Amino acid sequence: MPAEQRRAQRRAALLEAGLEVLGRHGWATATVRGVCKQAGLNDRYFYENFADLDALLLAVVDDQAAQGTAVILTAAEAAPHRLRARARAVVEAIVDFLSADPRRGRILAQEFSAHPLLQQRRRRIIRTLASVFTAQTRELLDEVPLSPADLHLTALTVTASLTVTAGLWDLLADWFRGDLDTGRDHLVDYVVAFLLTTTELAPALQHRLR
């Protein structure tokens with residue numbers, strides 16, 4: 001096996017080990033030796049890939065965020081070009097992605113609020129999601145007869161309900177923490193209804209801006 005491929009495998013093993021520690025036990029318990037033991041590697045290979053534990057922590061979160069973003073985009077692309085259908089497809093994809101691996105739900109519910117580096121990373125992830133949702137909103141509002149400037153403002157306003165207040169992030173975190181007594185389907189219904197309510201701004205604007 002080529003050296004580059006072996007190194008990639010070692011990095012993947014360390015990421016998986018980091019996810020296991022972060023998602024099962026919490027990062028406060030993490031040590032380089034413990035991560036390496038989980039990965040079946042010695043310390044030398046850890047430092048071959050990461051400067052320290054913080055670098056691994058961010059790499060694990062970035063990897064999961066990238067996977068989640070890809071799931072969102074795939075769901076959006078496969079959904080019909082209708083607001084309700086696409087909103088439901090995306091919300092279901094997010095909830096199911098987080099639910100598919102209990103470690104992801106625990107990280108969202110507990111670890112982001114427990115570590116200063118993850119609090120910073122949360123803001124970066126939200127900005128990335130903001131760009132995705134803004135693009136989706138613009139595409140789905142393309143039949144609304146607003147000027148390009150007002151359409152852009154509408155898309156940003158719709159997105160702000162998710163990103164500036166981070167309300168839906170906190171809602172999902174509460175749900176995975178067990179603080180909300182509601183099932184998966186009702187949660188999805190609520191989030192979809194909330195998103196659809198915010199998009200009703202566009203026709204109202206069209207009427208009032210005449």
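The values are calculated or read from the model by the stated rules, or taken from the named source; none is laboratory data. Computed from a predicted model, the values in this text were never measured in an experiment. Cβ: placed from backbone, ideal geometry, glycine included. Neighbour counts: every protein chain shown. Accessible surface areas use protein heavy atoms only, side chains included; no ligands, DNA or RNA. Shrake-Rupley method; radii C 1.70, N 1.55, O 1.52, S 1.80 Å.
Key figures for this structure:
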| read-out | value |
| --- | --- |
| Residue pairs meeting the criteria (Cβ under 8 Å; at least 6 apart or on separate chains; first more than 17 Å from residue 122 (Cα to Cα), in segment 45-74; second open to solvent by 50 Å² or more (accessible area, probe 1.4 Å)) | 48/7; 49/7; 49/11; 53/31 |
| Scan of segment 107-119 for residues that are out of contact with any Leu (no Cβ under 9 Å at 6 or more places or on another chain), at pLDDT 90 or above and surrounded by 12 or more Cβ atoms within 10 Å (Cβ to Cβ), ordered by number | 110 |
| Checking residue 146 against (1) surrounded by fewer than 16 Cβ atoms within 10 Å (Cβ to Cβ); (2) over 16 Å from the mean Cα position of the chain (by Cα); (3) at pLDDT below 90; (4) in a loop (DSSP other than H, G, I, E, B), the condition it does not meet | (1) |
